[in-house]
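The values are calculated or read from the model by the stated rules, or taken from the named source; none is laboratory data. Everything numeric here is computed off the predicted structure, so don't read it as measured data. Positions of Cβ are backbone-derived with ideal geometry, glycine not excepted, and every protein chain shown enters the neighbour counts. Surface areas here come from the heavy atoms of the whole protein model, side chains and all, with no ligands, DNA or RNA. Shrake-Rupley method; radii C 1.70, N 1.55, O 1.52, S 1.80 Å.
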Amino acid sequence: MAFQSILFLNADDIVNIDLLNEPVFFKDLNIDQIVDTITFGRNEYNLKPFFYKSPNDIETIKYRQEIMRDLENNELFKCIKSFSEKFQHMREDLKQANKLYYKYQKERWFLDAVDIYCDAVVSLANDLTHIDLNSTGFVEFREYILNYVKSDSFISLNIATKKLEEDLSSVKYSILIRGNSIKVGKYDSEVNYSHIVEETFKKFKEGEVKDYRKKFSDYDDMNHVEAKILDLVAQLYKEIFDALDDFCIKNTDYVDKTIGTFEREIQFYMSYLEFISKFKDMGLKFCYPKVDSASKEVFDYGCFDLALANKLISNKSTVVTNDFYLSGKERIFVVSGPNQGGKTTFARTFGQVHYFASIGCPIPGYKAQLFLYDNIFTHFEREENVNDLHGKLEDELIRIYDILSKATSNSIVILNEIFTSTTLKDAIFLSKRVMDRIIDLDLLCVWVTFIDELSVYSEKTVSVVNTVVPDNPSLRTYKVIRKPADGLSYAITIAEKYRLTYEHIKERVKG
Amino acid sequence: MKTLLLYKNRNFDMNQELPWNEQILVQDLGLNIVIDAMAQGDEFLYDVAYKVILTSLNDVDEITYRQNILKDCLKHPSIIRSIYDIAVETLENEKKNFWSIFSSYPSSILHSSIELMYMYIDMLIKLRKIAEENIDNFESEGFRSLFSMIQKELNDEYIETVKAHLKELKFENGVLISAELGKGNKGINYILRRPNEIKQSLLGKLFSKKATAFTSYIPDRDESDMKALSELKDRGINLAANALAQSADHINGFFKMLKTELAFYVGCINLYEELVKIGEHICFPVPLYADERKHSFVGLYDISLSLTMKKRVVSNDLNADRKDLFVITGANQGGKTTFLRSIGLAQLMMQSGMFVAAEKFSSNICIGLFTHFKREEDDEMNSGKLDEELSRMSDIVDNIKQNSMILFNESFAATNEREGSEISRQIISALLEVKVKIFFVTHLYELSRSLYDKKMDDAIFLRAERKPNGERSFKLVEGEPLKTSYGEDLYKKIFKK
C-alpha cells in the first residue's frame, strides 16, 4: 500500500477531523491542560484535533506506537525537527511574500521559500536513508520521499531555484546620489572610501570614544526609493530578473501534498515526545502499554498525573508515583482517605493513562496493560454553591443518569465525591443504587468517596486508601494503596473543612 | 597622540580613585591652603592639583620625570601658560560653536565634524608653531618628546591630506555607494566608494561611456521620498561620518589631556610665584626607594602655615638615617603639630613630583600616607572619644601596608595615661614589625619614656625646644622625653597679666 498518512490508517478518521470538539472528560481529568502544554508553541499546526480523535482501533495504536518508538531515536528526532523548522521558516517567508508590495521583492521572498523547501526535502530524504527505521509508517514514508526527490519535476524545480539564487546574489551595483537624481550602474571596483578616511584619521585614536554610527532599522518592506533603485537594477540585470518572473509564475503550487501533510501530522509525535522528555530527565518512567479490547485486567506500575507532575517539576518538587492493578473480577476502585492526599490525583491518573494509551502514546509508568475503551465518562464535584443545595443534587442525579444511559460495557466511568450535598444516609442510598448499575454494566470505574460502605460492596470493588505517615497523620505521602477503608477519613474531612483539626486550632488560637 | 606630561607612558586619569583617607589628609595637613595657592581661584586648576597630589607616585623615576618637566616650567612660565591657553581656547570654541554633533544623522554628524576639524587643525598648527620655536629651549624628556611628536605627526604634508579629505567629504559631486541584493532583493552592504578617475571624459561623468547606467529622479516635492533618499545617503556615509566624528573626539581628548596635565604645572608655577613673594625657599627633593629609611632636611617649614601667615615661618633641620620611629614630645604650642604637618606635606608634594618647602630635602618614598590626629572638636565623654579614635585606627589598619608612613598627633590620650600608653605601645610595636614608618607626637610620658628606655636603634626622639627662660623657639631638637610638658609655663604666661 502506498504511503498515505503517518497518523491514521483509516481514511474515515481523517474526514472532518478539524471540526472536532474537545471531549467532555478532558476538563475533569485535566487533559485539557496537558494538551495545552503539549501543543504549546505549535499553533500553526492546529494539533488539538489529533488529540480529540481517539482512533478506537488496536491496529492504529500499534502503528503509532511503532512510529513513536522510531522517533525516540534521537538521530531521527533531530532530523525531523530540523526538517520542520525549515518548513516553518518557509511558511514565514511565504507569509512575508504575500504581505509585501513590490513585485521583485515578493518574488525574491517566494524564491527563498522554494529554496528552503528543496533543501528541507533533499536533506530529509538523505537523512532517512542513513537511519535505521522499524515502523511501517516511517519505512513507507521513506520510500515515498525517495521517489519524490528523484522525480523530474522536483529535480528541475531544485536546479532552477539554485541557479536563480546564485545569479541574484552575484548582483553588485553602484548608486550615485546627487541632488534628487539616482544613477545606478554595475559596480566598477571603485575603492572603499570609508576605509581611506578611517586610515587617515587613525593617528588621533586614544582611548574609547562615542560610537557615532547610526543603527538603521531594517524593515522587510521597501520604501519607494529602494524600489526605484531595484527597478533600475532589474534593468541592468534584465536576464536574471526575467527568469525570476518566469519562475514565480510556473511554480505557485510547489509543495507536495503528501509531504505537506506529513509535516503537520508528525508534530503529534514530536510534541508529545518533547513534552515527556522533561519528566524522563527527572527519572520518571514511561512505557508503551499493551492495549487490549477484551481483558479488563488493567494495571500500570509507577504511574503519575501528568498535569500535576508538570506543575511540580516547574516548582522543583518531587513527583510521587502510584501503582494500580485490577485482576479477576475486580472492576471498580473505591478510593477513600483524608483530603488532599492524592485521591483525585489517583482518579485522574487512571483516566489519563487510558486516554493517552488509546491515542498510541507512551504513558507514565514502567509496565502497563490497559483497556481499549469506547468512551470515558467523568463526574467531578463542581464548586460548591451553598444556596442551591437541592438544585445541585438534582443536577448531579441528572448527569449521572445521563452517563449511565450512554455508557456501554466498554466504557470507563470516573466519579469524584458525588452526593456530598445531601445527608450521609441519602448519600449512601444513592451511591449504592449507582453502584448497582455500574456493576451490572461491568464498567471499569474509579470512584472517590467518603462512604466506606462502597469499598466492600461487591467482589468487583477494590478498596484503595491514600496513606499517611503513621507518626504524623498530618503528613501525607500521596501514595494510594490497596487497603480497607478505616472510617476515619470522613470525620477528618469534615474537621478539615471547618479548620478544626489539632494543627488548625493551634494555628488559629495563636493568631 | 598622547601628551604624557604627568606619566612617561600613560595618560592621567581624572576619574581615578583617590585614597580612601583623602579628606582626612587634606584636613589634618592643611593641604587645601596649598592647593588654593596653586589654583588662584580657578576651579579646574584646583581639581587637577587636588587629584594629582593625592594620587602619589611610588616610583623614583616617575617622580624625577615630573620634577624635570616642572623645572622647565619654572624656567619658561609664559610659554607654558600660552600652551595652556591654546588648549583652553580650543575647548571653549568647541563648546560654543559645535553642539550639533549630537545629531544622530550621519550627514549632519559629518557636516559638523568637518567644520570642527577645520577649527582643530588651525589650533594644532598654532601648537606646532610653539613647539617648533621652543624645542631647543626645553630640557625635560617630557616636553621634548611632546614637541617632537607634534612636529612629526602634524607635518605640512599630513595637514594637506586632511584638508583634502575634509573637502572631498563634502561630496560636491554626489555620493557614490555600492550595494548588493539581500533578503527580498533589498539593498545591503552599502559601502561608500571613491569614484574612479575618468581619463579624458566629460565633466561629471562617473560611469565610462561603455558602461550602462540608468537614472531616475525623485520629485523634489515628495517629502517621504526625499527622506528615503537621504537615509540611503546616510547608510553610505555612516562609517566615514563615524570615523571623522570619533577623530574630532580624539583631538578634543588630546586638548583636554593637554589642558589637564598642564593645569598641574600651571598650579605649581602659581605656588612658586607666591612663595617667591613671601621670600620662602623651595627645593627639588631627593626621593629614595620605599624600602630605604631616611628623613633628612634643612629648613623644612610648614608651607600651609607660611601661606596663611603670608610670611616666613620657623623651619627645622633633621638628619635621620635608618629610623623607623620618630617620637616627638615637649612643650605645648611648641611647634609639634606644625612640624608633623610639614613632614606630611613635604612627603605628598615630593611624591607628586613637586618641589618641597625646604632648602634641602630627602626621604624615602612611602607607600601610602596616613594621619591619626586628635580630633579637638570632639566634645563627648572620654570613653566615646576613645571609641572614635580606635575606630579610625581600625580603618587605617584595614588599609595600611609595608612601607607606609603614619603620623600620629596626640592619639589615644582620651583615656588615662597608663591605658593610653599601653594601647599606643601595642599599636606602635605592631606597625614597626610590618615596616611602617611612624611619626608619633605625644604627651603620654609613660609611653615616650618606655620607648626611650628600650634604646631602639631605629627610633629617634625629638623635643620641642624650650629656652631656659621659658620662651619657645618652636624648633625641635633631638632629646629624651621630659616629664613635664611645661604646662606651668603656659599657666604662668596666661595668669601673669
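Take peptide B:162-174, look around each residue's Cβ out to 10 angstrom, count Cβ atoms belonging to other protein chains, and average those counts.
Values: counts 2, 0, 1, 5, 1, 0, 3, 2, 0, 3, 1, 2, 8.
Mean shielding count: 2.
Determine, from the Cβ-Cβ distance of residue A:85 and residue A:220 and an R0 of 25 Å, the FRET efficiency 1/(1 + (r/R0)^6), rounded to the nearest 0.05. Show your work: numbers first, answer last.
Numbers: r = 20 Å, r/R0 = 0.79.
That pair, residue A:85 with residue A:220, gives E of 0.80.
Set the Förster distance to 56 Å, then compute FRET efficiency between residue A:99 and residue A:409 from the Cβ-Cβ distance, nearest 0.05.
Values: r = 56 Å, r/R0 = 1.00.
According to the calculation, E is roughly 0.50.
If you line up the long axis of helix A:224-236 against the longest principal axis of chain A, both from Cα atoms, how many degrees apart are they, to the nearest 10?
Between the helix axis and the principal axis of chain A, the angle is about 60 degrees.
With solvent modelled as a 1.4 Å probe, how much accessible area in total do chains A and B shield from it at their shared surface, in Å² to the nearest 100? List each step's numbers first, then the result.
On the way: alone 28230 and 26720 Å², together 48090 Å².
Heavy-atom accessible area buried at this interface is about 6900 Å².
With an 8 Å Cα cut-off and a minimum separation of 6 or more residues, compute the relative contact order for the stretch B:30-174 in percent. Let's see the in-between values first.
Values: 71 pairs, mean separation 32.1, N = 145.
With pairs under 8 Å counted, the relative contact order is 22 percent.
How far is the Cα center of the stretch A:96-138 from the Cα center of the stretch B:1-74, in Å?
69 Å
Once label points are set 7 Å from the Cα along Cα→Cβ at both residue B:139 and residue A:208, what is their separation, rounded to one decimal in nm?
4.2 nm
Which angle from 0 to 90°, rounded to the nearest 10, does the C-alpha axis of helix A:136-150 make with the longest principal axis of chain A?
Between the helix axis and the principal axis of chain A, the angle is about 10 degrees.
With all pairs of different alpha carbon atoms counted, what Kirkwood hydrodynamic radius in Å does the stretch A:82-174 show? Don't skip to the answer; put the middle values down first.
Working: mean 1/r = 0.0675 Å⁻¹.
Hydrodynamic radius (Kirkwood, Cα only) of the stretch A:82-174 equals 14.8 Å.
Can you show me the helix-derived [θ] at 222 nm for chain A, built from DSSP H runs with n ≥ 4 at -39,500 (n - 2.57) apiece and divided by the number of residues, rounded to the nearest 500. Please report the intermediate quantities before stating the final value.
Working: 19 runs with 261 residues, N = 511.
The per-residue figure over chain A is -16500 deg cm²/dmol.
Looking at this model, which pairs from A:78/A:367; A:215/B:259; A:202/B:183; A:162/B:233; A:285/A:316; A:202/B:75 are more than 29 angstrom apart at the alpha-carbon? Before the final figure, lay out each step's value.
On the way: A:78/A:367 27 Å; A:215/B:259 34 Å; A:202/B:183 34 Å; A:162/B:233 33 Å; A:285/A:316 17 Å; A:202/B:75 35 Å.
Beyond 29 Å: A:215/B:259; A:202/B:183; A:162/B:233; A:202/B:75.
What's the extension gain from residue A:281 to residue A:249 if we count 0.36 nm per residue and subtract their Cα-Cα distance? Write out the running numbers ahead of the final one.
On the way: separation 32, 0.36 × 32 = 11.52 nm, distance 4.98 nm.
Result for the pair: 6.5 nm of gain on full extension.
Given the Cα-Cα distance of residue A:316 and residue A:78 and 0.36 nm per residue of separation, how much length would full extension add, in nm?
On the way: separation 238, 0.36 × 238 = 85.68 nm, distance 2.75 nm.
Full extension of this stretch gives 82.9 nm more.
Would you list the P(r) distribution for chain A, with all Cα-Cα distances sorted into 10 Å bins from 0 and each bin expressed as a whole %?
3, 15, 20, 17, 13, 11, 9, 6, 4, 1
Rg to Rh ratio, the stretch B:286-375, alpha-carbon atoms and Kirkwood radius? It would help to have the intermediate numbers written out before the result.
Working: Rg = 12.9 Å, Rh = 13.7 Å.
Using Cα coordinates only, the ratio equals 0.94.
Working from Cα positions, state the angle (0 to 90°, nearest 10) between the long axis of helix A:488-497 and the longest principal axis of chain A.
Relative to chain A, helix A:488-497 is tipped by roughly 60 degrees.
Separation between the residue B:126 and residue A:150 pseudo-spin-labels, each 7 Å from Cα along Cα→Cβ, expressed in nm?
Each label point lies 7 Å from its Cα, and together they span 8.6 nm.
Taking the inverse of the average 1/r across all pairs of different Cα atoms in the protein assembly as shown, what Kirkwood radius in Å do you get?
Values: mean 1/r = 0.0255 Å⁻¹.
Across the protein assembly as shown, the inverse of the average 1/r is 39.2 Å.
Report the gain in length on full extension from residue B:91 to residue B:309: 0.36 nm times residue separation, minus Cα-Cα distance, nm rounded to one decimal. Before the final figure, lay out each step's value.
Values: separation 218, 0.36 × 218 = 78.48 nm, distance 3.73 nm.
Answer, rounded to one decimal: 74.7 nm.
When you look at the Cβ of every residue in B:217-228, what mean number of other chain Cβ atoms sits within 10 Å? If you can, show how the numbers build up before the last one.
Values: counts 6, 8, 1, 2, 0, 3, 0, 3, 5, 2, 2, 7.
Average per residue, whole number: 3.
What is the Cα radius of gyration of the stretch A:394-454 over 2.2 N^0.38 Å, N being its residue count? Don't skip to the end; give the middle numbers.
Values: Rg = 11.1 Å, N = 61, 2.2 N^0.38 = 10.5 Å.
Rounded to two decimals, the normalised Rg is 1.06.
Per the helix-only calculation at 222 nm, which mean residue ellipticity applies to chain B, given -39500 (n - 2.57) for every DSSP H run of n ≥ 4 and division by its residues, nearest 500 deg cm²/dmol?
Working: 15 runs with 252 residues, N = 497.
Result for chain B: -17000 deg cm²/dmol, rounded to the nearest 500.
Once R0 is set to 35 Å, what does the formula 1/(1 + (r/R0)^6) return for the Cβ-Cβ distance between residue B:319 and residue B:449, expressed as a FRET efficiency to the nearest 0.05?
Values: r = 24 Å, r/R0 = 0.70.
Rounded to the nearest 0.05, the efficiency is 0.90.
Using every Cα-Cα pair within chain B, state what percent have a distance larger than 29 Å. If you can, show how the numbers build up before the last one.
On the way: 76096 of 123256 pairs.
So the portion of pairs separated by more than 29 Å is 62 percent.
Excluding ligands, DNA and RNA, what is the solvent-accessible area per residue of the protein assembly as shown at a probe of 1.4 Å, expressed in Å²? All intermediate terms of the calculation are to be shown ahead of the outcome.
Values: 48090 Å² over 1008 residues.
Using a 1.4 Å probe on heavy atoms only, each residue of the protein assembly as shown averages 48 Å².
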